[in-house]
1. Tell me, what HN-Hα J-couplings in whole Hz come from the Karplus equation 6.51 cos²θ - 1.76 cosθ + 1.60 at θ = phi - 60° for each residue of the range 372-385, using x for Gly and Pro?
2. For the ranges 564-576, 535-547, 210-222, what's the packing order if you count other beta-carbon atoms within 10 Å of each residue, average per peptide, and put the highest first?
3. Out of ILE448, LEU435, GLY415, whose Cα points farthest toward the positive end of the dipole of the range 414-504 (charges: +1 Lys, Arg; -1 Asp, Glu; placed on Cβ)?
4. How large a share of the accessible area of the chain, in percent, is made up of carbon and sulfur atoms when the probe is 1.4 Å and the other protein chains stay in place?
5. If I stretch the segment between ASP113 and VAL500 completely, what's the gain in nm (0.36 nm per residue apart, minus their alpha carbon distance), one decimal?
6. Give the residue from ALA280, TYR270, PRO18 lying farthest towards the positive end of the charge dipole for the chain; charges sit on Cβ (+1 for Lys and Arg, -1 for Asp and Glu) and the dipole is referred to the Cα centre.
7. Take every Cα-Cα distance within the range 3-130, group them into 5 Å bins from 0 onward, and report for each bin the whole-number percent of pairs it holds.
8. Give, rounded to the nearest 20 debye, the magnitude of the charge dipole that the range 303-385 has about its Cα centre when Lys and Arg contribute +1 at Cβ and Asp and Glu contribute -1 at Cβ.
Amino acid sequence: MSKVKSADNIEQLFHDDPYLKPYEGEIRRRHDIVKDWMKSIGESEGGLDNFSQGYNYYGIHIQHDNSVIAREWAPGAKQLYLTGDFNNWQWLSHEFKKLPFGKWELKMPPAEDGSCQIKHMSEVKVIVRRQDDQLVDRLSPWAPYVVQPPKSANQGTNYKQYVWHPPAHEKYHFRNKRPKAPRSLRIYECHVGIATENYEIGSYKNFADNVIPRIVRQGYNAIQVMAVMEHAYYASFGYQVTSFFAASSRCGTPDELKYMIDAAHKHGLYVMLDVVHSHASKNVQDGLNQFDGTNAGFFHDGARGEHTLWDSRLFNYTEFEVMRFLISNLRWWHDEYQFDGYRFDGVTSMLYHSHGIAEGFSGHYDEYFGLNVDTDSFVYLALANKFLHDLDPNVISIAEDVSGMPTLCRTFNEGGCGFDYRLAMAIPDKWIKILKEQKDEDWVVGDIIHTLTNRRWKEKTVAYAESHDQALVGDKTLAFWLMDKEMYSHMSTLSEQSLVIDRGLALHKLIRLITNGLGGEAYLNFMGNEFGHPEWLDFPRIGNNESFHYCRRQWSLVDNDLLKYKFLNNWDRSMNFTEEKYGWLSKNDAGYVSWKHEDDKVIVFERSGLVFVINFHNSKSFSDYKIGVEVPGKYNIVLNSDAPEFGGFNRVDSSAIHHTFPEGYAGRRNHMCVYIPSRTAFVFAKASD
């Protein structure tokens, strides 16, 4: 880990935002609590480096001499035992020794022949004697491999823990270096299980061999992998975690996940893990809940430990061993699997759940300070970010936050929480609201611009038009809101023209371009939405007779040259590679909106030397439309939504040169005149002299 230390610079925060000054006491108090944690960890553990490797202490470990050491933290237990196929499932034959601070330890010598008593893929369980003397069986919280029995085995649905300790010659060894964190972050949000067209759960190997090449060809430079941390209920989308250190076995083995990540690195993809440290599944038999036989342990007891909306348990971030568990969990995925970065789920809920204001923020600063905020959650997130960035400066962390909390994406030294980005969660909500509630002629372009640009200075944002949330059953993707049932009958290039499809294709492209160009400093797309994947996403469950029909990605739709999905896919790819060339996401330039005309429905903005022109009007086209341009010269069209390869009508010559005139317009020093047909978008770049 990096040993570089730097002085606090909290005054910079108040210099950049004087409205934070009245809350200086609270900001400094939070910062001091994090520093107190670091001091305490330093004094008792020798620092975060040792503290963050709890997985080397807890769990089952086979030593070089084939002896075994098993340790657990179970403060509420009366006694612990280890059982499994190694002792013919004798529950009480191998008893743990009690250590201080709720820790338990079991040491097992090698077998008489010198071999290990517990073999690779041995099944084991932890037996807990509760304070009332009742015996209950549990999975170790530190288990790296747990598997649900197949239905054909007729062994129930409870997960089984298997010791993962393959021989050295069978272990997967990474072959490729981690890529550097992209300056322009273009994220492909993905779920391994649904990344197959077959009626089955997709595998890590399938994703590595067949999906990663698609992502690279599409121009993305990062993947955000969902549902990796093991979860007993598949339909939870990975958000009801039961085993935090286990890679989901439904998609393959730990080594097969390593193979997938290594393949991504080979192609230069930065790999991010979707981390769920905001809550945990209530599942007792498979998860952390009541591991030690009490309602506390890893969680708060009573109402504070219950998330009623999610029906899940809430971590006790004031507990030393809980902090060790979670910080070690982050390091485990970084070191063992070589994940590069993290997207933290449920940050808003973590910060505000105790006070019931997780929705409907007005933006008043009083909401972000004082008793409204769960300080313990903030402290954990700040400590986690401090640890991750000290461990590896290449780490990127993203907060799923809808509140707009100030300081969330400011550095630790500035008194902030230390996230690199936050998700612009208001943007997809705005697009859905517009498509559901407004006619095209009633769109308010000023309102759209406000939503896209309403972000804090010096706190970077990931913009997205839609994510997995909009794809879930009960909602619709943007493509489905735009085209609905017409997608079943008129997406063929051979079918008769459909005004619904024409409108849908056009607006799908415009929505994505303006979101990418103006909405933030990074861009995210959910798997399949780049080509307008039809229908919702619905996991196999009792309510749909365990069907996989809606739990897959129909890649054949975009691969079929006779279908119009290819047009949206081509647009998405060209948009990504245009950004790669000009880098508007990476530069310290939020964009300057020079024109937003409500009657014309025309928006013009400049960013990173490019001029974006978007006409949302449903029927009006404009010839010689005057737009302001700051830098004089000749301009070329570098992206044209009306081009035939994007399903457009080819009304504009992309090779035409556009000259500026020295008369200022729309607050810019120069202007040029352009032809903008209805529902089209263009990106202009200054031609080289």
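The values are calculated or read from the model by the stated rules, or taken from the named source; none is laboratory data. Small disclaimer: the values here were computed from a predicted structure and weren't measured. Because the Cβ atoms are built from the backbone with ideal geometry, glycine has one as well, and the counts that use them run over all protein chains shown. Ligands, DNA and RNA are excluded from the accessible area calculation, which covers all protein heavy atoms including side chains. Shrake-Rupley method; radii C 1.70, N 1.55, O 1.52, S 1.80 Å.
1. Once rounded to whole Hz, the list reads 5, 9, 7, 4, 4, 5, 4, 4, 4, 5, 5, 5, 4, 5.
2. Ranking the peptides 564-576, 535-547, 210-222 by packing returns 564-576, 210-222, 535-547.
3. GLY415
4. With neighbouring chains kept in place, the figure for the chain is 50 percent.
5. Result for the pair: 131.8 nm of gain on full extension.
6. Selected residue: TYR270.
7. Here the calculated profile for the range 3-130 is 2, 8, 13, 15, 12, 9, 8, 7, 6, 6, 6, 4, 2, 1, 0.
8. Here the range 303-385 has a charge dipole of around 100 debye.
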